[in-house]
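Take a look at the structure below.
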Amino acid sequence: MRSASRGSAMGAAARLGLAGRGVLYLLMGVLALRVAFGAGGQEADSSGAVQTLARQPGGEVMLWLLVAGLFGLALWRLAEAAFGAAGPDGHKASARAMSLGRGVFYTGLGTTTLLFVLGARGQKSSDEQSRDLTGRAMHDLPGGRWLVLLAGVVLVGGALWMAYKSVVKRDFMDKLHVSGQARPVVETLGRVGYAARCTVFTGVGVFLAYAGATVDPGKAEGVDGTLRELAAAPFGPWLLAVVAAGLTVFGVYSACEARWRNVTPG
């Protein structure tokens, strides 16, 4: 009974976190659309989304819910790393490693959001964070430039692998308890959303690898910088508008995950 209660509580925390992730991506997509059409002063990343959310009526309450959701999402992913994720491949080492990485990522995102809520309003953008971490790695670690280069290559490879798994094979549907007329709609939302998300992370990885290759931390870009570089390319505003629309779609898909995702570890 106690174990079932803990599982239910973790499931609720995970669903709250998936819904919170959806809100972040919806806002990131809207901010990226503003960049595409020349009206984007706010960073089109998670920090910009948090600041935008804070300015809305009831923003502080929504931010506290977001913090709770992000830490719930982190706890769920870490539990998957420890006990295995739901599904036939959930106990594989690769699946556990992915869950561990996601758990660490959401822990960091939850922490920075919490600091913002507590009054640390000088929240760094993804570009500043990327350049700071890249610079520290290059200067403080033996072979730092090569580690940065390797991290960029790994990020690109991981994003392309995720695109193959999600957009081509549609593996994410195996983790959703959705049927009937909603199933093809959710599948389309997921494929479009994952395509946009993987495009962004591929770009971040390319810039990170380039920073390592040139030994220049200033070449590293976060999500916001990657989107702005895309906007500066030929036909960039239209390409960025497509990616931005895809990010909003991923936000809607995240809400579907909050509703139908199997969140039981092991």
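The values are calculated or read from the model by the stated rules, or taken from the named source; none is laboratory data. Worth saying up front: this structure is predicted, and the values here are computed from it rather than measured. So basically every Cβ, Gly included, is an ideal-geometry build from the backbone, and we count neighbours across all protein chains shown. What goes into the accessible areas is simple: the full protein's heavy atoms, side chains included, and nothing from ligands, DNA or RNA. Shrake-Rupley method; radii C 1.70, N 1.55, O 1.52, S 1.80 Å.
Worth a mention:
- Close contacts from segment 181-205, counting a first residue that is modelled with pLDDT of 95 or more and a second that is charged (D, E, K, R) and open to solvent by 60 Å² or more (accessible area, probe 1.4 Å), with Cβ to Cβ under 8 Å and a gap of 6+ residues or different chains, come to Glu187/Arg170; Gly190/Arg170; Arg191/Arg170.
- When restricted to residues that are within 16 Å of Leu26 (Cα to Cα) and out of contact with any helix residue (DSSP H, G or I) (no Cβ under 6 Å at 6 or more places or on another chain), segment 201-250 contains 2.
Residues checked against (1) within 26 Å of Arg131 (Cβ to Cβ); (2) small (Gly, Ala, Ser); (3) open to solvent by 20 Å² or more (accessible area, probe 1.4 Å); (4) touching a Pro at 6+ places or on another chain (Cβ under 9 Å):
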position	(1), (2), (3), (4)
Gly222	yes, yes, no, no
Ala233	yes, yes, yes, no
Leu240	yes, no, no, no
Ala244	yes, yes, no, no
Thr248	no, no, yes, no
Arg259	no, no, yes, no
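- Scanning segment 122-164 for residues that are among the hydrophobic types (A, V, I, L, M, F, W, C) and open to solvent by 80 Å² or more (accessible area, probe 1.4 Å) returns Leu133, Leu141, Trp146, Leu147, Leu150, Val153, Val154, Leu160, Trp161.
- Verdict on Ala85 being in contact with a Lys or Arg (Cβ under 8 Å, 6 or more places away or on another chain), among the aliphatic types (A, V, I, L, M) and not in a helix (DSSP H, G or I): yes
A quick yes/no check of all residues on (1) out of contact with any strand residue (DSSP E or B) (no Cβ under 9 Å at 6 or more places or on another chain); (2) of a type in the set (D, E, K, R):
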| site | (1), (2) |
| --- | --- |
| Gly218 | yes, no |
| Glu221 | yes, yes |
| Ala231 | yes, no |
| Leu239 | yes, no |
| Gly246 | yes, no |
| Cys256 | no, no |
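- Single condition Val153 does not satisfy, out of (1) assigned to a helix (DSSP H, G or I); (2) under 30 Å from Thr264 (Cβ atoms): (2)
Each row is one residue, and each column tells you yes or no for (1) assigned to a helix (DSSP H, G or I); (2) at pLDDT 85 or above; (3) aromatic (Phe, Trp, Tyr).
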site: Ala9; (1), (2), (3): yes, no, no
site: Ala12; (1), (2), (3): yes, yes, no
site: Gly22; (1), (2), (3): yes, yes, no
site: Leu33; (1), (2), (3): yes, yes, no
site: Gly41; (1), (2), (3): no, no, no
site: Val61; (1), (2), (3): yes, yes, no
site: Leu66; (1), (2), (3): yes, yes, no
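- Residue in segment 15-74 that is farthest from Ala241 (Cα to Cα), counting only those that are touching a residue at least 60 places away in the same chain (Cβ under 8 Å) and of a type in the set (D, E, K, R): Arg15
- Meeting the requirement of 3 or more residues that are under 19 Å from Gly20 (Cβ atoms) and not polar (S, T, N, Q), the helices (runs of 4 or more DSSP H) wholly within segment 176-266 are 182-214, 236-260.
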